[in-house]
Ligand SMILES: [Zn+2]
């Protein structure tokens, strides 16, 4: 089984976890999971975890990145060019900071849309998919393989366009995954979670599996 927790801030906030809490999460992953990024071989003996952080807040570099290194974990960081470039409050990592984060080989950058808007119309989807890839290539000299829907919003028609540009597309969906080949990869929120074990209780895991089948039956 492949679990994809979704994080935002790496500090004490509503959509975040304090550094101390994150440390406990990462310690738990390091002990109990196989840490993976897309196409890494999935373990059959252990559950697999693909850690994802959205939006690229500055506290990712301050708190999450050193802990990922400490525990030898991999993570996907989804960034949106417009958030970075219109950053009036100074809360997002800049391109230079992201470039330095990429010195850690366990980190992969995902596209999170150009404008960080819901992706609903096929034409808008094609534009967002292509442009967000182009800007990341230009600024970070890497070609993203992954796309993360802003707000988890999408339509089936939009998704067809996004899949033309990316091998791996993530939404929320509150579900587990069985492998990388899925048309859509499902995540669940790990923000504001004091005790990480509550996200992996027997009851929760049964729910993720049930929602996997429900989502797959819908086609996305
Ligand atoms: Zn976002």
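Given a 10 angstrom Cα cut-off, can you work out which residue in 48, 192, 32 is the most mobile in a GNM of the chain?
Among 48, 192, 32, the largest GNM mean-square fluctuation belongs to 32.
Give, in nm to one decimal, the length gained when the segment between residue 123 and residue 97 is fully stretched (0.36 nm per residue of separation minus the Cα-Cα distance).
Net length gain for the segment: 6.2 nm.
Per the helix-only calculation at 222 nm, which mean residue ellipticity applies to the chain, given -39500 (n - 2.57) for every DSSP H run of n ≥ 4 and division by its residues, nearest 500 deg cm²/dmol?
That comes out to -11000 deg cm²/dmol.
With springs connecting C-alpha atoms under 10 Å apart, model the chain as a Gaussian network and identify which of 59, 89, 167 has the largest mean-square fluctuation.
Of 59, 89, 167, the most mobile in the Gaussian network model is 89.
Take every Cα pair under 8 Å in the chain that's 6+ residues apart, average their separations, divide by the length, and report that relative contact order as a whole percent.
21
Please report the spacing between the Cα centers of region 101-160 and region 33-76 in Å, no decimals.
With region 101-160 and region 33-76 each reduced to a Cα centre, they are spaced 19 Å.
Neighbour counts of other C-beta atoms within 10 Å: give me 52, 143 arranged from fewest to most.
Lowest to highest Cβ neighbour count: 143, 52.
Expressed as a rounded percentage, what relative contact order does region 93-220 have, with Cα pairs under 8 Å and six or more residues apart?
Reported relative contact order: 20 percent.
Please report the antiparallel percentage of the DSSP beta bridges confined to the chain, to the nearest 5.
10
Relative contact order for region 50-103 using alpha-carbon pairs under 8 Å, separation at least 6, rounded to a whole percent?
Once normalised by length, the contact order is 45 percent.
Rank the residues 1, 184 as a footprinting-exposure proxy: fewest other Cβ atoms within 10 Å of their Cβ go first.
1, 184
Taking 7 Å along the Cα-to-C-beta vector as the label spot, tell me the residue 41-residue 203 distance in nanometres, rounded to one decimal.
3.8
Mind checking the log10 I(q)/I(0) for region 2-218 at q = 0.12 Å⁻¹? Debye, one equal scatterer per Cα, no solvent, two decimals.
-0.59
What ranking of 145, 187 emerges when the number of other C-beta atoms within 10 Å of each C-beta is taken as an exposure proxy, fewest first?
145, 187
Quick note: the coordinates plus some simple rules give every number you see, no bench work behind them. All values derive from a computational prediction rather than experimental measurement. Please note: Cβ atoms are built from the backbone with ideal geometry, for glycine as well, and neighbour counts cover all protein chains shown.
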